[in-house]
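The structure appears below as structure tokens.
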Amino acid sequence: MTEDDELSLIRKKKLQEMMKQQSDKMAPKRSTVIEVFTSPTCPHCPRALLMAKEVAASMPGIQVVEQSTATPQGFAKAALYNVQAVPTVFINGKRAFVGAPPSVEALRQAVRP
């Protein structure tokens with residue numbers, strides 16, 4: 001391999017690295033999903049859902065999804081996640097709280113990476 005070929009290869013690799021860095025910067029940030037499993041008869045569920053919405057309002061990139069076990073979709077997802085009690089809070093598909101979070105700050109801490 002000649003010196004010109006080596007320089008050309010180095011330039012090509014450097015250009016690819018720069019293009020990758022640029023595309024990484026432009027890629028949308030992953031959002032955090034808080035799923036709150038609820039039931040219409042649960043006295044604690046409204047508070048858990050309200051807390052999740054409060055955290056989402058104060059932190060960008062957070063989406064809150066209510067999964068009501070009274071709906072076929074919510075019931076199926078609860079069965080998939082093995083939810084045994086409501087409210088149950090999942091963050092990005094991982095169980096974070098069984099029962100309402102003890103405080104908004106506790107939920108906020110659980111959401112932070």
Does any residue of segment 85-102 turn out to be loosely packed, with under 11 Cβ neighbours inside 10 Å and either closer than 15 Å to S39 by Cβ or not assigned by TED's automatic domain parsing to the domain that holds F37 (or both)?
no
Mind checking which residues of segment 66-113 are out of contact with any Pro (no Cβ under 8 Å at 6 or more places or on another chain), of a type in the set (G, A, S) and closer than 22 Å to P43 by Cβ?
G74, A78, A85, A96, S103, A106
Counted residues, segment 51-80 - those being within 22 Å of A106 (Cα to Cα) and hydroxyl-bearing (S, T, Y)
1
Residue by residue through segment 68-102, note down the ones that are touching a helix residue (DSSP H, G or I) at 6+ places or on another chain (Cβ under 8 Å), hydroxyl-bearing (S, T, Y) and part of a loop (DSSP other than H, G, I, E, B).
T69
Quickly run through segment 42-61 and pick out the residues that are of a type outside the set (G, A, S) and at pLDDT below 95.
M59, P60
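The values are calculated or read from the model by the stated rules, or taken from the named source; none is laboratory data. None of these values were measured; they are calculated from a predicted model. Please note: Cβ atoms are built from the backbone with ideal geometry, for glycine as well, and neighbour counts cover all protein chains shown.
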